[in-house]
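The values are calculated or read from the model by the stated rules, or taken from the named source; none is laboratory data. Bear in mind that the values here come from a model prediction, so they are computed numbers and not experimental data. In this analysis, Cβ positions are derived from the backbone assuming ideal geometry, glycine residues included, and neighbour counts consider all displayed protein chains.
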Amino acid sequence: MADRTFKPETLAIHAGQIPDAETGARALPIYQTTSFVFDSADHAASLFNLQTFGNVYSRLSNPTVAALEERVAALEGGRAGLASASGMAAEAIALLTLLSQGDHVVAAGALYGGTVSMLAVNLERLGISTTFVDAASPEAFAAAIRPNTRAVFAESIGNPSLAVLDIAAVAEVAHAQGLPLLIDNTVPSPFLCNPIRFGADIVVHSATKYLGGHGTTLAGVMVESGRFPWDNGKFPGMTEPSRGYHGVKFFETFGDFGFSMRARMETLRVYGAALSPTSAWQILQGVETLPLRMERHCANALAVAEFLRGHKRVRWVNYPGLADHPQHALVARQMRSVGGRPGASGLLAFGVEGGLPAGVRFIEAARFMSHLANIGDTRTLIIHPASTTHRQLDDAQQLAAGVQPDMVRLSVGLEHIDDILWDIDQALEASAG
Amino acid sequence: MADDIPTLRRILRSARTIAIVGLSAEWHRPSFFAAKYMQEHGYRIVPVNPRYPEILGERCHASLETVDVPIDIVDVFRRTEDVLPIARQAIAIGAKCLWQQIGVKNLEAARLASEAGLDVVMDRCVKIEHARLFGGLHWAGVNTGVVSARRGH
């Protein structure tokens, strides 16, 4: 009899954690310890040689952190996960494991500003170049691939552009050239979209956002599909003896979780952006209710989008969950259905009548909607990206990232929808000045 | 073919001796990783490889035919096309399980062993399955598929 395939609502609560072997504790214990004792010198040797699995030092692995890693891997339908101190750290670990000096990345143009900086500035300084292309065009990804390209990077839903990526089409382009597709899946969360189902090879999350949901804790997770053929000749770091970890051949030894093991032993271990056990525990408190919260985020965001569209003080509304959104068919194909409508997450953007000054007045008139640089909180959050999250980019880069000067981004929270609509309405009235 | 968690648990729990066909003495080879891990977890390893006299402190046999202890699992680290005679030998020595490692998928050998009453596992690593089902692999962030309200072990 085949093993049962559990639904995400069940995995969000159970995957990665069974009752503690020693105490029977049902909830996840916090193993707040830097180090773990060896049973013997031989046991220590086996652990260091990776011949047995176990914990050595919490910069490499920790039982509380492992519960988060496995849970997100299970929710994504992936083979293995690796947690880190933030979403940016998860991206950096994936890319630094994959890439070497002289390599090239093809990336979507409409990316989170921090990711653009990592690719265009930080990795560029290490001799790794990136070509940014129109995320709506799989052909543009194909045209930008060079002989030294080693990764294709995009977001399932762009933040803040809300551009929806045709994951299957871009995965096909990447795989035709023997390249892995990396997807930042932060905005939909693993409940609404599983990029691996559509061909992605590595998924990264800022767990700080919907996975945690409470806005208290920073964390990141990388998940690998276990399906990428790392022995295709382009990735000697996966197949040759590791210089970074005494000669281990990661793909041969660990097979379908070889990339995560290499990321853990070569990159996380050396660069040190490990997640604290207490932070992992806090994120997991949120993950248990992820499916419930995402359903409400989607329902509230749809109601807000429809309200804004009919409001005289609003010039335009961008929400992929609206039936007349240009990418709605793609949204319906890639996202989980919530109440019979494609769940398009809780982010939307709109332009306030009166441009930039009216946008600023709108934000300052809000009663409980919080003006801050985060998304995916229980609270409704508002921000003007052009003057905050994306201000380090020039005008052309801002437009390429989908940021218009009059654009307000809403991360619709879990307050009562009537109260959210009331706060938006009164702030829009105040925006007239 | 055994592919579900309860059956794999039963096979690994009831076994004491594992003959590893194609075991390498090189420390960085996957077969050595697997053998050392299983030995450390209480299994008696019986190496089968004509190239070595001894591996991991155990006498190495040139073939399964000369093995003189009862074998529970015959674990095969050989190419798919070489498995059929190993399956016949596994049946002849009364082994209880024919286990083909990751990437080894000889369907004919599996059918033969299954008809002779052996448990049959294919395209899985004995070490990874042990670590997945009895703890350890979880610490490497791997999606073990284990959902349970019973404590570990």
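Tabulated results
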read-out	value
Test for residue A:130: is it touching a residue at least 24 places away in the same chain (Cβ under 8 Å), within 24 Å of residue A:264 (Cα to Cα) and either polar (S, T, N, Q) or not assigned by TED's automatic domain parsing to the domain that holds residue A:201 (or both)	no
Any hit, segment B:56-72, residues being among the acidic types (Asp, Glu), within 14 Å of chain A (Cβ to nearest Cβ) and either under 16 Å from the mean Cα position of the chain (by Cα) or part of a strand (DSSP E or B) (or both)	no
Residue in segment B:10-30 that is of a type in the set (Phe, Trp, Tyr), within 14 Å of another protein chain (Cβ to nearest Cβ) and surrounded by fewer than 19 Cβ atoms within 10 Å (Cβ to Cβ) present	yes
Matching residues in segment A:6-28 - criterion: being closer than 19 Å to residue B:137 by Cβ and either more than 10 Å from every other protein chain (Cβ to nearest Cβ) or within 28 Å of the chain's Cα centre (by Cα) (or both)	A:6, A:11, A:14, A:15, A:16, A:17, A:18, A:28
Only listed residue being modelled with pLDDT under 95 and surrounded by fewer than 24 Cβ atoms within 10 Å (Cβ to Cβ), chosen from A:215, A:178	A:215
Of all residues in segment A:4-42 being more than 22 Å from residue A:292 (Cα to Cα) and of a type in the set (Ser, Thr, Tyr), the one that is surrounded by the most Cβ atoms within 10 Å (Cβ to Cβ)	A:31
Options B:135, B:141; residue that is surrounded by 20 or more Cβ atoms within 10 Å (Cβ to Cβ), at the interface with chain A (Cβ under 8 Å from one of its Cβ atoms) and at positive phi	B:141
Residue in segment A:296-317 that is in contact (Cβ under 8 Å) with a residue 24 or more places away in the chain and within 26 Å of residue A:85 (Cβ to Cβ) present	yes
Segment B:31-51, residues that are facing chain A (nearest Cβ under 10 Å) and not in a helix (DSSP H, G or I)	B:41
Positions within segment A:252-273 being more than 10 Å from chain B (Cβ to nearest Cβ) and surrounded by 24 or more Cβ atoms within 10 Å (Cβ to Cβ), in sequence order	A:258, A:259, A:262, A:268
Residues satisfying the stated conditions in segment B:94-110, i.e. surrounded by fewer than 19 Cβ atoms within 10 Å (Cβ to Cβ) and either among the polar types (S, T, N, Q) or farther than 21 Å from residue B:65 by Cα (or both)	B:102, B:103, B:105, B:107
The lone exception for residue A:405 - which of (1) within 19 Å of residue A:194 (Cα to Cα); (2) surrounded by fewer than 17 Cβ atoms within 10 Å (Cβ to Cβ) it fails	(1)
Segment A:223-251, subset within 9 Å of chain B (Cβ to nearest Cβ) and in contact with a Gly (Cβ under 8 Å, 6 or more places away or on another chain), residue farthest from residue A:280 (Cα to Cα)	A:241
Residue, nearest to the other protein chains (Cβ to nearest Cβ), within segment A:54-91, restricted to residues that are of a type in the set (Lys, Arg) and surrounded by 20 or more Cβ atoms within 10 Å (Cβ to Cβ)	A:79
Elements of type helices (runs of 4 or more DSSP H) contained in segment A:157-254, each with 2 or more residues being over 15 Å from the mean Cα position of the chain (by Cα)	A:167-176, A:236-239, A:250-254
Sole exception among (1) modelled with pLDDT under 95; (2) more than 7 Å from every other protein chain (Cβ to nearest Cβ); (3) at negative phi; (4) outside any helix (DSSP H, G or I) for residue A:50, by number	(3)
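Every residue, every condition in (1) part of a helix (DSSP H, G or I); (2) out of contact with any strand residue (DSSP E or B) (no Cβ under 8 Å at 6 or more places or on another chain); (3) assigned by TED's automatic domain parsing to the domain that holds residue A:236, yes or no:
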site: A:266; (1), (2), (3): yes, yes, yes
site: A:273; (1), (2), (3): no, no, yes
site: A:280; (1), (2), (3): yes, no, yes
site: A:295; (1), (2), (3): yes, no, no
site: A:300; (1), (2), (3): yes, yes, no
site: A:312; (1), (2), (3): no, yes, no
site: A:317; (1), (2), (3): no, no, no
site: A:330; (1), (2), (3): yes, no, no
